[in-house]
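Report on one structure; see the data block that follows.
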Amino acid sequence: MNNRPKIRAAKYTIYCLFMLALYILQTTPGFLSIGGLKPNFVIPVAMAIAVCEGDFPGGIFGAVAGILCDFSATSLFGFQAAILLACCTAAGLLTVYLLRPTIVNFILLLAAALLIHGMLIYLLNFYMWGYEDVILVLTRRILPSIIYTLLLSPLPFLAVHRLHERFEEWLEE
Amino acid sequence: MGDFFKSTRFKILLGLFIVLFAFMLRAAWTGGLSPELEQGVGIIAVPFQKSAAAISGFVTRYFQRYVRADEIAEENENLRSQVNELRSQLTDFETYKQENETLKQFLGIKEEHPDFQLEPAAVVSRDQDNRFSHSFTIDKGYLNGVSSLDPVVSPDGLVGRVQEVGANYSKVITILDVSSDVGAYDVRTRDIGTVSGNFTMASQGACKLSYLPRESSAAVGDLIVTTGGGLFPKDLVIGKLVRVGTEAGGISLYGVVEPAAAIQDLTDVMVIKSFEGQEKQ
């Protein structure tokens with residue numbers, strides 16, 4: 001009997017649950033908060049899935065991560081989801097055609113995605129509205145938050161990579 | 001890579017992108033009401049977030065006590081086990097005591113303002129990117145009668161207003177947020193201004209009272225309250241002035257307001273669902 005569809009379904013269900021669990025931790029008041037800064041976990045998970053699984057699952061999980069980020073933010077719903085869908089699809093394509101799915105490439109791709117995401121939020125939600133001292137958002141919030149997220153990002157990558165390898169073994173059996 | 005752009009996968013992802021863009025336009029159009037997709041996320045995520053927030057609060061309180069217990073243990077090793085036993089009993093007692101005190105304070109608001117229709121709510125999540133606004137999500141939504149723009153208060157004073165409302169959750173922007181504007185006056189001098197968020201001050205947990213007249217005698221320590229109107233009830237305490245300065249150009253004065261409510265550490269708030277003179281969206 002062919003169990004491949006079931007194994008694939010189990011894999012993506014586990015990815016979803018993993019992302020939801022990390023999202024709950026990410027939004028829990030006070031959890032891993034340093035001077036008001038908190039790391040983002042769902043974007044690294046989506047990027048790890050894009051690197052390990054390729055463009056299509058990466059794009060879908062990028063959109064899911066964005067929807068979760070939009071849910072806890074007060075910006076327009078769909079904004080972060082659209083950005084992350086595009087970034088994770090691009091990262092998935094780069095991994096399929098040009099790069100190897102290593103942790104270094106993952107961190108570089110994640111850094112690029114976080115910068116694009118952060119700069120678009122800064123430009124469209126803050127800079128273009130002309131608020132006083134708006135540069136502080138970039139220097140004291142967005143950039144430190146990106147660094148904090150990058151520092152912790154190998155953990156979700158290793159978890160997703162491990163799950164991916166385990167499921168690939170089961171699919172080959 | 002060219003094959004990808006001709007594939008069904010690309011068409012599905014493009015379709016999803018267009019749907020998300022449409023949601024974004026709809027959210028901009030409808031203002032305070034969350035889109036159905038977002039409400040679906042809320043129905044799944046909010047109960048988990050509520051539990052996570054409760055566990056986080058419990059763990060924080062537990063570890064704070066544990067540090068104190070260590071100090072006691074150093075002084076008296078023989079009593080350590082007894083202290084631990086008593087501590088576990090005290091955890092429940094102190095939680096109930098704290099809840100009781102909070103509810104008593106909220107009852108005080110109700111007695112002071114009989115026209116207020118209040119809804120108690122718990123903070124279930126804080127935006128990961130909230131260093132300058134301290135915005136948060138509460139566990140009450142339109143099923144509990146909460147509407148967009150409803151004022152949110154703590155027993156100490158004004159916290160902010162509801163920005164967006166879903167079935168079982170609402171997003172609150174605080175008075176530290178740059179998009180928040182509240183009409184306010186100095187109780188002593190009666191000078192009127194506008195309290196709004198400012199990036200420099202928000203990082204220190206303060207907000208800005210702008211447009212004070214140049215000849216105003218507003219001084220450090222003055223109490224700042226709401227002027228009232230359609231969005232906020234009159235005479236809600238916002239905070240006190242901690243600094244007064246002259247705006248660039250010298251046309252008006254501004255004040256730095258330290259909010260009366262401990263906005264960064266709030267765990268429970270009250271939503272004012274209705275008050276005399278309220279303008280509903």
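Observations on the structure shown:
- Across the options B:203, A:104, A:117, the greatest Cα extent toward the positive end of the charge dipole of the protein assembly as shown (unit charges at beta carbon of Lys, Arg, Asp, Glu) belongs to A:104.
- Rounded tilt (10° steps) of A:79-97 against the dominant C-alpha axis of chain A: 50
- All distinct Cα pairs of the range B:123-281 go into the 1/r average, and the inverse of that average, the Kirkwood radius, is 15.7 Å.
- Over the protein assembly as shown: Rg over Rh, Cα atoms, Kirkwood Rh: 1.02
- Dipole check for the protein assembly as shown: with +1 at the C-beta of Lys and Arg, -1 at the C-beta of Asp and Glu, and the Cα centre as origin, the magnitude is about 1100 Debye.
- Taking Cα atoms only, the orientation of helix A:55-72 departs from the longest principal axis of chain A by about 40 degrees.
- Centroid-to-centroid separation of the range A:109-173 and the range B:205-281 [C-alpha atoms, Å]: 35
- For residue A:57, neighbours were defined as the other residues whose beta-carbon sits under 12 Å from its Cβ, and their charges (Lys and Arg +1, Asp and Glu -1) total +1.
- The protein assembly as shown: calculated mean residue ellipticity at 222 nm from DSSP helix runs of at least 4, using -39500 (n - 2.57): -17000 deg cm²/dmol
- Two-decimal ratio, the range A:77-173, of alpha-carbon radius of gyration to 2.2 N^0.38 Å: 1.32
FYI, it's all coordinate maths here, none of it is from the lab. As the structure is a computational prediction, the values presented were derived from the model and not from experiment. Don't worry about glycine lacking a Cβ; one is built from the backbone with ideal geometry, like all the others, and counts go over all protein chains shown.
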